[in-house]
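A.B. asks: Below is a structure I'd like to ask you about.
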Amino acid sequence: MSGISREVRLEQLQADADACGPAARALFDRLIAEGKTPEAAAMYACQQAPGARNTDRAFCQGAHRQMESMTPINRDAIQRIAKRAGIATQGKFYKGSLGRYDDPAAWVSCAQDVVTAAKAKRLDIDGVVKCNGVIRDDLPPPPSTPLAPDLVQSLAADYITSDPALAEKCRKSKHARMELRERIIETHGRKKRVKKPNRLVK
């Protein structure tokens with residue numbers, strides 16, 4: 001245990017057991033109470049080498065459990081939102097800490113996808129996958145959006161509900177849905193400030 005204290009190591013292994021589910025954490029705590037070392041308890045509880053962070057196996061097991069714990073209705077709903085945004089969700093897991101349902105970066109298939117997305121978004125993440133977001137002065141700031149996607153979706157639903165003709169149009173035509181989206185952003189989104197030229201005073 002060189003480099004870190006026993007207390008910190010115990011906390012890390014407890015986090016690993018938590019990531020493997022409530023039953024694994026209960027087994028971990030019982031084995032510790034029986035006198036097993038934290039490393040042995042974590043190995044028995046998680047059925048893998050202790051502290052196996054940033055590995056696909058550890059990540060995929062936890063992510064699969066998380067997706068399966070959703071109700072089928074919720075799981076189908078978020079997958080539909082992603083598909084409407086052009087995201088292929090087959091073989092991928094949704095991670096809310098990385099973005100909204102319609103954000104491609106939030107749908108990941110392996111631990112490396114999580115690290116890549118976290119670095120791109122400058123996020124610190126800790127758990128089965130660990131990554132320190134890097135702030136670099138030489139990178140441009142992330143692009144700002146004129147209107148958040150969830151607000152666009154909510155306003156579109158309001159427009160469609162209040163206008164049956166528009167609802168029918170959008171139901172039949174993808175182009176009509178795109179036009180509605182653009183109109184909402186144009187009407188309700190942040191306007192870019194146009195710098196007016198300085199007038200010369202004679």
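The values are calculated or read from the model by the stated rules, or taken from the named source; none is laboratory data. Here the structure is a predicted model, which is why all the values come from computation and not from measurement. Backbone-built Cβ (ideal geometry, glycine too); neighbour counts: all protein chains shown.
A.B. asks: Test ARG122 against the criterion of being surrounded by fewer than 18 Cβ atoms within 10 Å (Cβ to Cβ) and at negative phi, and give yes or no.
C.D. replies: The answer is no for ARG122.
A.B. asks: So if I check each of ALA63, ALA85, which one is modelled with pLDDT of 80 or more, on the phi < 0 side of the Ramachandran plot and of a type in the set (Gly, Ala, Ser)? Outline the logic, then answer.
C.D. replies: Numbers: ALA63 fails: modelled with pLDDT of 80 or more.
Testing whether each residue is modelled with pLDDT of 80 or more, on the phi < 0 side of the Ramachandran plot and of a type in the set (Gly, Ala, Ser) leaves just ALA85.
A.B. asks: Just to be sure before I move on: is ARG25 in contact with a helix residue (DSSP H, G or I) (Cβ under 9 Å, 6 or more places away or on another chain) and modelled with pLDDT under 75 in the structure I sent? Please lay out each step first, then the result.
C.D. replies: Details: in contact with a helix residue (DSSP H, G or I) (Cβ under 9 Å, 6 or more places away or on another chain): yes; modelled with pLDDT under 75: no.
Here the answer is no, as ARG25 does not meet what is asked.
A.B. asks: Still on this structure, please answer the following. State the number of residues belonging to region 45-60 that are part of a loop (DSSP other than H, G, I, E, B), within 18 Å of the chain's Cα centre (by Cα) and at pLDDT 65 or above.
C.D. replies: The number of residues fulfilling the criteria is 0.
A.B. asks: Which members of region 66-78 meet the condition of being at pLDDT 85 or above and part of a loop (DSSP other than H, G, I, E, B)?
C.D. replies: If the condition is that a residue be at pLDDT 85 or above and part of a loop (DSSP other than H, G, I, E, B), then THR71 is the only one that fits.
A.B. asks: Please specify each residue of region 113-170 satisfying the condition of being modelled with pLDDT of 80 or more, charged (D, E, K, R) and either touching a helix residue (DSSP H, G or I) at 6+ places or on another chain (Cβ under 8 Å) or part of a helix (DSSP H, G or I) (or both).
C.D. replies: Passing the criteria: ASP113, LYS119, LYS121, ASP158, GLU168, LYS169.
A.B. asks: Sticking with this structure for a sec: Report every pair of residues separated by at least 6 positions or lying on different chains whose Cβ atoms are under 9 Å apart, first residue within region 67-82 and exposed (fewer than 10 other Cβ atoms within 10 Å of the Cβ), second part of a helix (DSSP H, G or I) and at pLDDT below 90.
C.D. replies: So the pair list comes out as GLU68/ARG75.
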